[in-house]
Amino acid sequence: MFTIDLVLKYTPVPLSVQRKSEEDANALYQQVSDAMKSGVPQMLELTCDSKAEKRLTIATSELIAVQMSQKGAAADGRQPGFFVATEA
């Protein structure tokens, strides 16, 4: 199972939807990424493969990040998530 996390402005918790196949997850990731790059505000309606009743609609103008990860630990043993390196 693959999870696509969406981070919205002023929202501390990401919104997530899941896809069963890597191909479907990559397609959704690319769709969201392209919508962010376009700069044209639009609405995206997303559904979740693991919970058919889960639906969400987001305004692309509110998106600040998108992340795709496999459910659970990654193959190299690291947990999925955003990482920021800062200089000391």
field: Scan of segment 18-45 for residues that are more than 12 Å from residue 3 (Cβ to Cβ) and hydrophobic (A, V, I, L, M, F, W, C), ordered by number
entry: 27, 32, 35, 36, 40, 43, 44
- line: Counting only strands (runs of 3 or more DSSP E) wholly inside segment 1-84, the ones holding at least 3 residues that are modelled with pLDDT of 90 or more, under 13 Å from the mean Cα position of the chain (by Cα) and surrounded by 10 or more Cβ atoms within 10 Å (Cβ to Cβ) are 2-8, 15-19, 43-47, 63-70
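The values are calculated or read from the model by the stated rules, or taken from the named source; none is laboratory data. Keep in mind it's a predicted model, so treat the numbers as computed, not measured. With ideal geometry, Cβ positions are generated from the backbone for all residues, glycine too; neighbour counts draw on all protein chains shown.
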